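Asker: One structure, pasted below without further comment.
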């Protein structure tokens, strides 16, 4: 089994596409006005509109902008440089400025426009760096 993707359901696909393009520096593929993807080597971040919920059984399946449990994580080469690059555009979205965590990652935690938590991190200890060598 391979983990392939995480999908965010939103009422505003274009807004989230613009946000993730800005913070990642990558172009997302907008397949329709209701569905887009950011494809990376490790997996895919999909963005689907609330209209797509009808394909999965109805509006009761998920609720846009209501997540309070998941964190979308991106490993970056230099989290401090990313913070400097994004500081002006993230403004009040920053939850935690770059901080070294006990497990060896230096992390920047912020929210996307729908309130989903996003973590940019860089492994900084020998153990954390080794964990990501593949």
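Every number here is computed from the coordinates shown, using simple stated rules; none is lab data. Small disclaimer: the values here were computed from a predicted structure and weren't measured. FYI the Cβ positions are ideal-geometry reconstructions off the backbone, even for glycines, and counts take in every protein chain you see.
Asker: How long is the gain from residue 65 to residue 11 if the chain were fully straight, where each residue apart is worth 0.36 nm and the alpha carbon distance is subtracted?
Answerer: Working: separation 54, 0.36 × 54 = 19.44 nm, distance 0.81 nm.
Taking 0.36 nm per residue and subtracting the Cα distance, the gain is 18.6 nm.
Asker: Right, another one. If contacts are Cα pairs under 8 angstrom and at least 6 residues apart, what is the relative contact order of the range 67-134 in percent? Let's see the in-between values first.
Answerer: Numbers: 108 pairs, mean separation 24.3, N = 68.
Normalised by residue count, the contact order of the range 67-134 is 36 percent.
Asker: Considering only DSSP beta bridges with both partners in the range 1-55, what is the antiparallel share in %, to the nearest 5? Provide the component values of the computation, followed by the final result.
Answerer: Working: 8 of 14 bridges.
Beta bridges within the range 1-55, antiparallel portion: roughly 55 percent.
Asker: To continue, here is another question. Calculated FRET efficiency, residue 91 and residue 130, Cβ-Cβ r, R0 41 Å, to nearest 0.05?
Answerer: Working: r = 35 Å, r/R0 = 0.86.
My answer for the efficiency is 0.70.
Asker: How large is the direction-averaged shadow of the alpha-carbon convex hull of the range 67-134, in nm²?
Answerer: Taking the Cα atoms of the range 67-134, their convex hull projects to 4.9 nm² on average.
Asker: Between helix 13-24 and the chain, what is the angle of the helix's C-alpha long axis to the longest principal axis, kept within 0 to 90° and rounded to the nearest 10?
Answerer: Once rounded, one gets 10 degrees.
Asker: Let me ask another. Largest first, please: the extent of the C-alpha atoms of the range 1-49 along each principal axis, to the nearest Å.
Answerer: Over the range 1-49, Cα extents along the principal axes are 31, 21, 15 Å.
Asker: Which of (i) -0.29, -0.43, -1.33; (ii) -0.24, -0.37, -1.40; (iii) -0.28, -0.42, -1.10 is the computed log10 I(q)/I(0) by the Debye sum over Cα atoms at q = 0.09, 0.11, 0.21 Å⁻¹ for the structure on display?
Answerer: Evaluating log10 I(q)/I(0) by the Debye sum over Cα atoms at q = 0.09, 0.11, 0.21 Å⁻¹ on these atoms matches (i).
Asker: Can you give the angle from 0 to 90° between the axis of helix 79-90 and the longest principal axis of the chain, with both taken from C-alpha atoms, to the nearest 10?
Answerer: 40
Asker: For the range 67-134, what proportion of DSSP beta bridges, expressed in % and rounded to the nearest 5, is antiparallel?
Answerer: Approximately 70 percent, going by the DSSP bridge assignments.
Asker: Listed highest first by mean packing, meaning other Cβ atoms within 10 Å per residue, what order do 65-76, 96-107, 8-19 come in?
Answerer: Details: 65-76: 13.5, 96-107: 15.1, 8-19: 18.8.
Ranked by mean Cβ neighbours within 10 Å, highest first: 8-19, 96-107, 65-76.
Asker: Of all DSSP beta bridges located in the chain, what percent are antiparallel, nearest 5? Could the numbers behind the result be given before it?
Answerer: On the way: 19 of 30 bridges.
The answer is about 65 percent antiparallel.
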